[in-house]
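**Student:** Mind looking over this structure? Questions follow.
The values are calculated or read from the model by the stated rules, or taken from the named source; none is laboratory data. Note that the structure is a prediction, hence the values are computed from the model and not measured. With ideal geometry, Cβ positions are generated from the backbone for all residues, glycine too; neighbour counts draw on all protein chains shown.
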Amino acid sequence: MKLGFELGRFFKGGEVLFLQGPLGSGKTTLVKGLAKGLGVLRDVTSPSFVLEKMYTGRTTLRHIDLYRLDPSEAAEFWHSLETGPKDVLAVEWGERIGDLTPGRIRVDMEYCEDPNARKMTISWDNPSQGQAIRKAIERWLEGTSK
């Protein structure tokens, strides 16, 4: 949740975050932190059964969960989205739409031996996103060492 918070603090709008990993790996938890970092005051819950939930903070956070859709349904849903330039999209199970979204930030989550820990690999397509992501990770690491 803390890493999500730091990412949210640096996001300005227009970011697309794909969260990938097994059930229970912390995707929604990361989005809860992201929402707090974006200044969202409402509780964030999983959109698994409604596909999308929207939250307002400094920008609009659109939390999307593609788990229940097969790849063709996910692609159709994705193409039907109407997003604004300041929207931040957090997409759980984004791998179901493949490479339809250039410029995305990908967070791959894995379980660790410690049930309270996760291994995360973060990658991005757009070099300009790297600076904000690195700053967020640095702030997160500073907070974990205290």
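**Student:** Going by what's in this entry, would Tyr55 be described as closer than 19 Å to Lys27 by Cα and in a loop (DSSP other than H, G, I, E, B)?
**Tutor:** no
**Student:** Given the structure, is Leu19 assigned to a helix (DSSP H, G or I), in contact (Cβ under 8 Å) with a residue 60 or more places away in the chain and under 22 Å from Arg139 (Cβ atoms)?
**Tutor:** Values: assigned to a helix (DSSP H, G or I): no; in contact (Cβ under 8 Å) with a residue 60 or more places away in the chain: yes; under 22 Å from Arg139 (Cβ atoms): yes.
No; evaluated as a whole, the condition is false for this residue.
**Student:** Quickly run through the range 94-146 and pick out the residues that are in contact with a strand residue (DSSP E or B) (Cβ under 6 Å, 6 or more places away or on another chain) and farther than 17 Å from Phe11 by Cβ.
**Tutor:** Correct list: Glu95, Asp108, Met109, Glu110, Cys112, Arg118, Lys119, Thr121.
**Student:** Which pairs do you get when a residue that is part of a loop (DSSP other than H, G, I, E, B), found in the range 109-125, comes within reach of a residue that is surrounded by fewer than 14 Cβ atoms within 10 Å (Cβ to Cβ) and of a type in the set (Lys, Arg), reach meaning Cβ atoms under 8 angstrom, with the pair 6+ apart or on two chains?
**Tutor:** Cys112/Lys119
**Student:** I've got another one for you. Just one of Gly13, Gly4, Gly39 is touching a residue at least 60 places away in the same chain (Cβ under 8 Å) and closer than 30 Å to Glu138 by Cβ; which is it?
**Tutor:** Gly13
**Student:** Another question about this same structure. Please work out which residue is surrounded by the fewest Cβ atoms within 10 Å (Cβ to Cβ), limiting yourself to the range 12-41 and to residues that are at pLDDT below 95 and over 24 Å from Glu110 (Cα atoms).
**Tutor:** Lys12
Here is a yes/no grid of residues against (1) surrounded by 17 or more Cβ atoms within 10 Å (Cβ to Cβ); (2) more than 19 Å from Leu30 (Cα to Cα); (3) of a type in the set (Val, Ile, Thr):
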{"residue": "Thr60", "(1), (2), (3)": "yes, no, yes"}
{"residue": "Asp65", "(1), (2), (3)": "yes, no, no"}
{"residue": "Asp70", "(1), (2), (3)": "no, yes, no"}
{"residue": "Glu76", "(1), (2), (3)": "no, yes, no"}
{"residue": "Gly84", "(1), (2), (3)": "no, yes, no"}
{"residue": "Pro102", "(1), (2), (3)": "no, yes, no"}
{"residue": "Glu110", "(1), (2), (3)": "no, no, no"}
{"residue": "Pro115", "(1), (2), (3)": "no, no, no"}
{"residue": "Asn126", "(1), (2), (3)": "no, yes, no"}
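**Student:** Taking the criterion of being in a helix (DSSP H, G or I) and in contact (Cβ under 8 Å) with a residue 40 or more places away in the chain, would at least one residue in the range 79-96 satisfy it? First the steps, then the outcome.
**Tutor:** Here is the first cut: in the range 79-96, the ones in a helix (DSSP H, G or I) are 79-80, 94-96.
Restricting the remaining residues to those that are in contact (Cβ under 8 Å) with a residue 40 or more places away in the chain gives 94-95.
Scanning the range 79-96, I find at least one residue that is in a helix (DSSP H, G or I) and in contact (Cβ under 8 Å) with a residue 40 or more places away in the chain, so the answer is yes.
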